[in-house]
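Student: After the structure tokens below, expect a handful of questions from me.
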Amino acid sequence: MEKITGMEAAHEVPPKVLLIYEAVEKLIASGEDINSVKVSTITELAGIGKGTVYDYFENKDEIIACSLLYQIKKLTEGLKEICSEKEIFAERVYACLEEIQKQSDKQQCFLRYVHVMTANSGYCQLVRDKMKQKEFEQYLPKRVFEEMTMDGIERGEIKKTILPEYVIYAIFSKLLTYMISVNACETMRTGSEKLRTYLYQSLLDELCEKNV
């Protein structure tokens, strides 16, 4: 049996591997230290035998890395779907902010994505290495923001004086700011809806032409 690499399309992932991915996601969401969690804990939660997991993966780092890659794919596909339902740049930005507030799984996935890009653990480095492969390029959240940006530039919605690369990371940073605020809403004086409106308007003021 060929080992799972994390490059598989969603429909190619075996059912037992999906159970493993779901187990890892639950452990992370519950606050478990994923660096110290045992493979037996993952398989027990997934409801499969410990030996079965090694039919698909070489080691624990591969299990966690491929699980995170799967979650990143789901995040990217979700953002793509949201953007496909909206035509103009401003509507797409607001829809992404709104979806983050609605969907806790997208919040957690986005935060894990940021963690993976900055942490030094073995599985994080493995994720970064896999994400550099050409097969995974289409699943990077950055690609969604690139498409939003290029469409906005072509329509004349985005200021011509602003670099496209800056627009991409400006969108990313606003989404991250909002996500952190939603997760910390109990300690904030400003409600999440009011903050969402502020972040949205500030992004448009910075990036977009006034007459669009």
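Taken together, the values in this text are just the output of simple stated rules run on the coordinates, not laboratory data. This one's a predicted model, so the numbers in the text were calculated from it and none came from an experiment. Cβ atoms come from the backbone with ideal geometry, glycine included; neighbour counts cover every protein chain shown.
Student: Which order do the peptides 93-102, 135-144 come out in when sorted by mean C-beta neighbours inside 10 angstrom, highest first? Before the final figure, lay out the partial values.
Tutor: Values: 93-102: 18.6, 135-144: 16.5.
The densest-packed peptide leads the list: 93-102, 135-144.
Student: How high is the relative contact order of the range 10-207, given as a whole-number percent (alpha carbon pairs under 8 Å, six or more residues apart)?
Tutor: That works out to 20 percent.
Student: Follow-up. State which entries of LYS16/LYS73; LYS50/LYS130; LYS80/LYS194; LYS80/LYS210; LYS102/LYS194 exceed 21 angstrom in Cα-Cα distance in the structure shown.
Tutor: Over 21 Å apart, Cα to Cα: LYS50/LYS130; LYS80/LYS194; LYS80/LYS210.
Student: Check which residues have an amide H placed less than 5 Å from CYS208's amide H, if you skip close sequence neighbours.
Tutor: Answer set, sorted by chain and number: LYS159.
Student: If you don't mind, there's one more thing I want to ask. What net charge is computed for the residues neighbouring LYS159, neighbours being all others with C-beta under 10 Å from the C-beta of LYS159, Lys and Arg scored +1, Asp and Glu -1?
Tutor: -1
Student: Would you list, by chain and number, the aspartates and glutamates whose Cα falls below 16 Å from the Cα of LYS86, excluding same-chain residues fewer than 8 positions away?
Tutor: Cross-link targets: GLU77, GLU98, GLU99, GLU146, GLU147, ASP151, GLU154, GLU157.
Student: Hey, what number do you get for the chain at 222 nm if only DSSP H runs of n ≥ 4 count, each worth -39500 (n - 2.57), divided across all residues, to the nearest 500?
Tutor: -22000 deg cm²/dmol
Student: What is the local net charge at SER84, summed over the other residues whose Cβ is closer than 14 Å to its Cβ (Lys, Arg +1; Asp, Glu -1)? Please report the intermediate quantities before stating the final value.
Tutor: Numbers: positive: LYS80, LYS86, ARG92, ARG143; negative: GLU77, GLU81, GLU85, GLU87, GLU91, GLU99, GLU147, ASP151.
Neighbour charge sum, excluding SER84 itself: -4.
Student: Could you work out the relative contact order of the range 1-91? I mean the mean sequence separation of Cα pairs under 8 Å and 6+ apart, divided by the number of residues, in percent.
Tutor: 40 percent
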